[in-house]
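To keep things clear, I will list the structure first and then write my remarks on it.
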């Protein structure tokens, strides 16, 4: 009887060690998955940036309102499915208030403007995105600095 109890105790301890090992492996796998997911989302967001940059350059070169609107519509047809995919994946664009710089903004440039208060956001250079309240990419902004 004592031998059976000891055998069962050893099996339980071995099972507990195996559970600890599996938990560690699962945690590592989840971390790898998170890194890959984040990297993929970054690449998708950068693709949207490239499309928007190309759109802006093309629109600026075109003459006439109708031609510009046609170009915008063409680029929107390209961007729309990508933005829908990001939304399905739980990724959303960060809103930027004009009068203060939130923690998810990164200042990438400054301008002087005596009519505005220091720290006022003048323009957004790159949109920021988040997924599940976690910032994937900070919003890049230009602010007033007198």
>> Just to be sure I understand, how many residues within the range 85-97 are surrounded by 12 or more Cβ atoms within 10 Å (Cβ to Cβ) and free of Cβ contacts under 8 Å to residues at least 40 places away in the same chain?
In response: 2
> So which residues in the range 55-84 are closer than 20 Å to residue 42 by Cβ and surrounded by 13 or more Cβ atoms within 10 Å (Cβ to Cβ)?
Replying inline: 78, 79, 82, 83
> In the range 127-144, what count of residues is obtained for those that are at pLDDT below 90 and either more than 27 Å from residue 43 (Cβ to Cβ) or part of a strand (DSSP E or B) (or both)?
Replying inline: 1
>> Restricting to the range 104-126, give me the number of residues that are closer than 19 Å to residue 42 by Cβ and without any contact (Cβ under 8 Å) to a residue 60 or more places away in the chain.
In response: 6
> Among the numbered criteria (1) outside any helix (DSSP H, G or I); (2) outside the structural domain of residue 134 (by TED's automatic domain parsing); (3) surrounded by 10 or more Cβ atoms within 10 Å (Cβ to Cβ), which single criterion is violated by residue 102?
Replying inline: (2)
> Quick one: which of 55, 18 is touching a helix residue (DSSP H, G or I) at 6+ places or on another chain (Cβ under 9 Å), assigned to a helix (DSSP H, G or I) and over 24 Å from residue 132 (Cα atoms)?
Replying inline: 55
> Can you spot a residue in the range 22-37 that is closer than 15 Å to residue 137 by Cα, touching a helix residue (DSSP H, G or I) at 6+ places or on another chain (Cβ under 7 Å) and either at pLDDT 90 or above or loosely packed, with under 13 Cβ neighbours inside 10 Å (or both)?
Replying inline: no
>> Quick check on residue 128: is it surrounded by 12 or more Cβ atoms within 10 Å (Cβ to Cβ) and closer than 22 Å to residue 38 by Cα?
In response: yes
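The values are calculated or read from the model by the stated rules, or taken from the named source; none is laboratory data. Here the structure is a predicted model, which means the values were calculated and not measured. Using ideal geometry, Cβ is built from the backbone for each residue, glycine included, and neighbour counts are taken over all protein chains shown.
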